[in-house]
Amino acid sequence: MLIVKKFGGTSVADKERIYNVAARCAEEYKKGNEVVVVLSAMGKQTDILLAQARDINPNASKREIDMLLTTGEQISVALMAMALDALGIPAVSLNAFQVAMHTTSVYGNARLKRIDTDRVRNELENKRVVLVTGFQGVNKYDDYTTLGRGGSDTTAVALAAALHADACEIYTDVDGVYTADPRVVKNARKLNEITYDEMLELASLGAGVLHNRSVEMAKKYGVQLVVRSSLNNEEGTIVKEVVNMEKMLVSGVASDTNTARIAVIGLEDQPGVAFKLFNHLARHNVNVDIILQSVGRDGTKDISFTVKEDDLEEAVATLERHRGGSLKCQKIDVERDVAKVSIVGAGMMSNAGVAAKMFEALYDVGVNIKMISTSEIRVTVLINAAHLEKAVNAVHDKFLMAQ
Ligand code: ADP
Ligand code: ASP
Ligand code: MG
């Protein structure tokens, strides 16, 4: 069997953890399996490197930031190869260049396009455990790129797909995918199985346990994932196309604080206004999430929407530039202290009253809703960030305690 295993930052945070992972990989190797291991940077190394970059130059170029960040993963794979060697297991570490993981050009948020498998296959044929740096790639300029925070999961799934692996196991610091972040919701329960679609929604709505692109890719290439703990032998959660379990109305709750609300007040109530507003933002690569437009009154209307907090400055600067020109409005208001809470579940599609039940849970704990957005399998609300913990717990317990 060819097995791809991925271990996150906390799982390789220090010498003891590195040896723990090395022992698990050695065990797999000794069973006669081919083992490819994707690693993240140790502990908080990526955050530390980012802070160093900001300290040296707050406006550092994205190319140089990626050049810096890729060192984190390189340390992990080299140390792991040394640990395996010490255990008597032949191993080799490879970075994105050596494997040849081709990505798009965008620094900081590149997408994997193609992975050459020759080098990895050769190493496997030579009976080595192959350790690959997660989170990084190489673009057409032969520069390093990174795949976005949490991107090592995507490296693992992409490798599993390219190598037609028999299994892809994502090892992390919790026992699997829970009905909510177990660090925030005390009654969160581990799920035995979850569908790609539900997992993709949860990941995109803030459940950091899997990088959302990794789920997208797993679905596209039919790679079944197992999410489990690197610290015990619990079974974990299987992420796949269809689950056998009894369908739950709601399978999980996710939250996201990386969000901000912009309200554009007193726009002209005329055709083309929304187009111009969002077109300016789109041209600056600002993604807009929840959108709310007020009913027109006295020839004016208001449009409010959310963006990632990371994009807020760019969004406001863009709007201010066009204000008075093609975009006439009275005021641009910004609110940073907001958070999104979402419920996700395939069962929602055929059930009325799910949104109402969520709003009731929020009412019960006195949380005001600022914005609402829904899809077939999701309801999202925007609330005051200060109320996040109590809101997530209330919503979770309303749907997932009784079931
Ligand atoms: P790694 O370094 O292994 O990639 P991450 O920190 O990226 O680990 O992801 C694991 C974390 O995801 C957990 O520690 C947990 O706090 C968080 N998390 C958020 N939502 C969920 C969820 N629904 N189920 C499990 N963990 C979640
Ligand atoms: N080290 C990277 C990060 O911290 C990638 C990852 O952990 O998946 O975002
Ligand atoms: Mg992660």
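The numbers here are math on the coordinates, done by the rules we state, and not lab data. Keep in mind that what you see is a predicted model, and the values were worked out from it rather than measured. For neighbour counting, all protein chains shown are included, and Cβ atoms are generated from backbone atoms with ideal geometry for every residue, glycine included.
Computed per residue of the chain from DSSP H runs no shorter than four, each worth -39500 (n - 2.57), the mean residue ellipticity at 222 nm is -11000 deg cm²/dmol. Can you tell me how the stretch 58-197 classifies by the Cα gyration tensor, rounded, prolate or oblate, using a/c under 1.5 as the rounded cut? Oblate, because a/c is 1.5 or more while a/b does not exceed b/c.
The residues neighbouring Val185, those whose beta-carbon lies less than 13 Å from its own, together hold a net charge of +3 under the Lys/Arg +1, Asp/Glu -1 convention. Between beta-carbons, use under 14 Å as the cut-off and find the net charge around Val288, counting Lys and Arg +1, Asp and Glu -1. So the environment of Val288 carries a net charge of 0.
With the simple model of a label 7 Å out from the Cα in the direction of the Cβ, Asp197 to Thr374 spans 1.7 nm. Of all aspartates and glutamates in the structure, the ones whose alpha carbon falls short of 12 Å from that of Lys390, not counting any fewer than 8 places away in one chain, are Asp364.
Put in order of Cβ neighbour count within 10 Å, fewest first, the listed residues Tyr19, Tyr107, Tyr178, Tyr141 become Tyr141, Tyr19, Tyr107, Tyr178. Extension gain, Val365-Ala23: 0.36 nm per intervening residue step, less the Cα-Cα distance, totals 118.4 nm. Compactness of the stretch 205-356, taken as the C-alpha radius of gyration over 2.2 N^0.38 Å, stands at 1.37. The C-alpha radius of gyration of the stretch 237-310, expressed as a fraction of 2.2 N^0.38 Å, stands at 1.63.
Residue-wise HN-Hα couplings along the stretch 206-221, as the Karplus relation 6.51 cos²θ - 1.76 cosθ + 1.60 with θ = phi - 60° gives them from phi, are x, 6, x, 5, 9, 5, 4, 5, 5, 6, 4, 5, 4, 5, 4, 9 Hz; Gly and Pro carry x.
Classify the stretch 267-382 as rounded, prolate or oblate from the Cα gyration tensor: take a ≥ b ≥ c as the square roots of its eigenvalues, call it rounded if a/c is under 1.5, otherwise prolate when a/b beats b/c and oblate if not. Verdict is prolate for the stretch 267-382. For the stretch 1-89, a simple Cβ point-charge model (Lys and Arg +1, Asp and Glu -1, everything else neutral) yields a dipole of about 160 debye relative to the Cα centre.
As a proxy for reagent exposure, ranking Ser373, Ser61 by other Cβ atoms within 10 Å from fewest up yields Ser61, Ser373. Kindly identify the stretch 183-238 as rounded, prolate or oblate by the Cα gyration tensor criterion: order the square roots of the eigenvalues as a ≥ b ≥ c, call it rounded if a/c is under 1.5, otherwise compare a/b with b/c, prolate if a/b is larger, else oblate. Oblate is the answer for the stretch 183-238, as a/c is 1.5 or above yet b/c matches or exceeds a/b.
Just report the Cα centroid separation between the stretch 101-157 and the stretch 311-373, whole Å. Each part's Cα centre sits 35 Å from the other's. Normalised size of the stretch 125-201, defined as Cα radius of gyration per 2.2 N^0.38 Å with N residues, equals 1.39.
What is the local net charge at Val12, summed over the other residues whose Cβ is closer than 14 Å to its Cβ (Lys, Arg +1; Asp, Glu -1)? Don't skip to the end; give the middle numbers.
On the way: positive: Lys5, Lys6, Lys15, Arg17, Arg24, Lys44; negative: Asp14, Glu16, Glu73, Asp173.
Here the count lands on +2.
In summary, the aspartates and glutamates within cross-link reach of Lys370, defined as a Cα separation below 15 angstrom excluding same-chain residues under 8 places away, comprise Asp256, Asp289, Asp302, Asp333, Glu335, Asp337, Glu360.
Fewest first, what order do Cys168, Cys329 take by the number of other Cβ atoms within 10 Å? If you can, show how the numbers build up before the last one.
Values: Cys168 29, Cys329 21.
With the sparsest Cβ surroundings first, the list reads Cys329, Cys168.
Which FRET efficiency, nearest 0.05, do Met1 and Glu235 yield, Cβ-Cβ r, R0 22 Å?
Calculated value: 0.80.
Could you check how many percent of all C-alpha pairs in the chain are farther apart than 34 Å? Roughly 36 percent, rounded to a whole number. Between Asn192, Ala86, Val35, the Cα set farthest toward the positive side of the dipole of the chain (charges on each charged residue's Cβ, about the Cα centre) is that of Val35. If R0 is 51 Å, the Cβ-Cβ spacing of Ser350 and Ile56 corresponds to a FRET efficiency of close to 0.40.
Spin-label pair Arg336-Phe97: with each label point 7 Å from Cα along the Cα-Cβ axis, the two points sit 3.8 nm from one another. Going through the cross-link list Lys140/Lys219; Lys6/Lys308; Lys113/Lys340; Lys301/Lys328; Lys30/Lys127; Lys44/Lys220, which pairs have a Cα-Cα distance over 20 Å in this structure? From the list (Lys140/Lys219; Lys6/Lys308; Lys113/Lys340; Lys301/Lys328; Lys30/Lys127; Lys44/Lys220), the Cα-Cα distance tops 20 Å for Lys140/Lys219; Lys6/Lys308; Lys113/Lys340; Lys44/Lys220.
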